[in-house]
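The values are calculated or read from the model by the stated rules, or taken from the named source; none is laboratory data. Keep in mind it's a predicted model, so treat the numbers as computed, not measured. Here the Cβ positions follow ideal geometry from the backbone for every residue, glycine too, while neighbour counts run over all protein chains shown. Each accessible area value is taken on the protein alone, full model and side chains, heavy atoms only, with ligands, DNA and RNA left out. Shrake-Rupley method; radii C 1.70, N 1.55, O 1.52, S 1.80 Å.
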Amino acid sequence: MFTKAWKEIANGKIAPVYCIYGEETYFIDETIERIKKALSVHEEVEMTMFDLEESPVDFVIDEADTYPFLSDRKLIIAKNATFLKAAEKGSEKVEHDVKRLENWLNHPSDFAVTIFTAPYEKLDERKKITKLMKELSVMLHAEALGEKDLAVWIQSEVASFEKKIEDEAIDKLIEMVGENMNQLQREIEKLVLYLGEDKMITSDLVENLVAKTLEHDAFKMLNAYLAHNVSEALRIYHDLLRQKEEPIKLVGLLANNIRTMNNVYYLHKKGYPPTQISKQLKIHPYRVKLMLEKRDRPSEERLLKALNELAEIDILLKTTGGNRERYLEMFLLKSL
């Protein structure tokens, strides 16, 4: 869907109104950048931005209907189109004249390109304004890519710099960075820059160069603990303490990972395929894959016992003083 829209934009076929919805911000940001670039081929683009959580949609329409001063067409970005999602009456801070917007969509300005963004998982399909957006604008769904599509996208991004990446390096990159495509893109650019004249991004290069996220380190610490690798679990923990991470935050991350792991194993035992598990638990397929590939899976009893101990540590950290770092350290030292 985005590939087709981006190709049309690159060829100068730019629609007057776009509506981009979904939680993958990479597609939103990238589409805006491509439209901006296409409009500024011959001259500087005139751009105005509105946050529809703070400003009424009237401002957007008024701006779109005002002739540009510096160029033939101008770009208007209307962020957070809250009126497209389901919401309780009276919960919105700003009142939008949706009726006026519905009428305007039938005859949008030809000297303005207006982009509505709705960074929400779903839109309210029952609303007339949602139906009209689908009918009268270029509607694009910014959803997270599946495991295979994400790997293909990474290969494509690397290839755009005339470089290559090993399959193991792709897996390592996703494992360390997660599925955030904006962050993945930044790390790819850094890896390519480091390569210089070399052509191949290896797994070792990713391991040494990519910035580790807190979530990645917490997941690695849990895996080391469950594998009875006490020294590795403690090494990661002490590194995180040196980075000024709070023990109570780490306890929460470990507990959340254990709950997710337990749910993945339970659904898998019930016969759910990995893709269905991913949708059910709302986690990326690659994370499910990592958990299911573990050879020595911890038993449900062991996971629940660890979760119970973390709950007790959480209470201690909230109610007592003393050496706060010691409580989680003692947990990691005891192998269940």
Legend entry - Selection within segment 294-336 - part of a helix (DSSP H, G or I) and charged (D, E, K, R): Glu300, Glu301, Arg302, Lys305, Glu309, Glu312, Asp314, Lys318, Arg324, Glu325, Arg326, Glu329
Legend entry - Among the residues listed as Phe50, Phe59, Phe111, the single one being open to solvent by 20 Å² or more (accessible area, probe 1.4 Å), in contact with a Pro (Cβ under 7 Å, 6 or more places away or on another chain) and within 25 Å of Glu30 (Cα to Cα): Phe111
Legend entry - Count - residues of segment 199-221 that are acidic (Asp, Glu) and without any contact (Cβ under 8 Å) to a residue 12 or more places away in the chain: 1
Inset, instruction - Among the candidates Tyr21, Tyr67, single out the residue that is surrounded by fewer than 17 Cβ atoms within 10 Å (Cβ to Cβ), touching a residue at least 12 places away in the same chain (Cβ under 8 Å) and farther than 22 Å from Ile154 by Cα. - result: Tyr67
Legend entry - Matching residues, segment 158-192, being touching a strand residue (DSSP E or B) at 6+ places or on another chain (Cβ under 9 Å) and of a type in the set (Asp, Glu): Glu166
Legend entry - One residue from Glu121, Glu102, Glu92 being over 30 Å from Leu290 (Cβ atoms), open to solvent by 40 Å² or more (accessible area, probe 1.4 Å) and charged (D, E, K, R): Glu92
Inset, instruction - Answer with yes or no whether Asn257 is assigned to a helix (DSSP H, G or I), touching a Phe, Trp or Tyr at 6+ places or on another chain (Cβ under 6 Å) and of a type outside the set (A, V, I, L, M). - result: yes
Inset, instruction - Just one of (1) modelled with pLDDT under 90; (2) surrounded by 15 or more Cβ atoms within 10 Å (Cβ to Cβ); (3) of a type in the set (Gly, Ala, Ser); (4) within 26 Å of Ile248 (Cα to Cα) trips up Ala306, so point out which. - result: (1)
Inset, instruction - Enumerate the helices (runs of 4 or more DSSP H) found wholly within segment 127-217, keeping only those where 3 or more residues are surrounded by fewer than 17 Cβ atoms within 10 Å (Cβ to Cβ). - result: 128-136, 147-159, 181-195, 203-209
Legend entry - Conditions (1) open to solvent by less than 30 Å² (accessible area, probe 1.4 Å); (2) farther than 17 Å from Ile174 by Cβ: number failed by Val288: (2)
Inset, instruction - Kindly provide the set of residues from segment 265-285 that are in a helix (DSSP H, G or I), open to solvent by less than 80 Å² (accessible area, probe 1.4 Å) and over 14 Å from Leu307 (Cβ atoms), ordered by number. - result: Leu267, His268, Pro274, Gln276, Ile277, Ser278, Leu281, Pro285
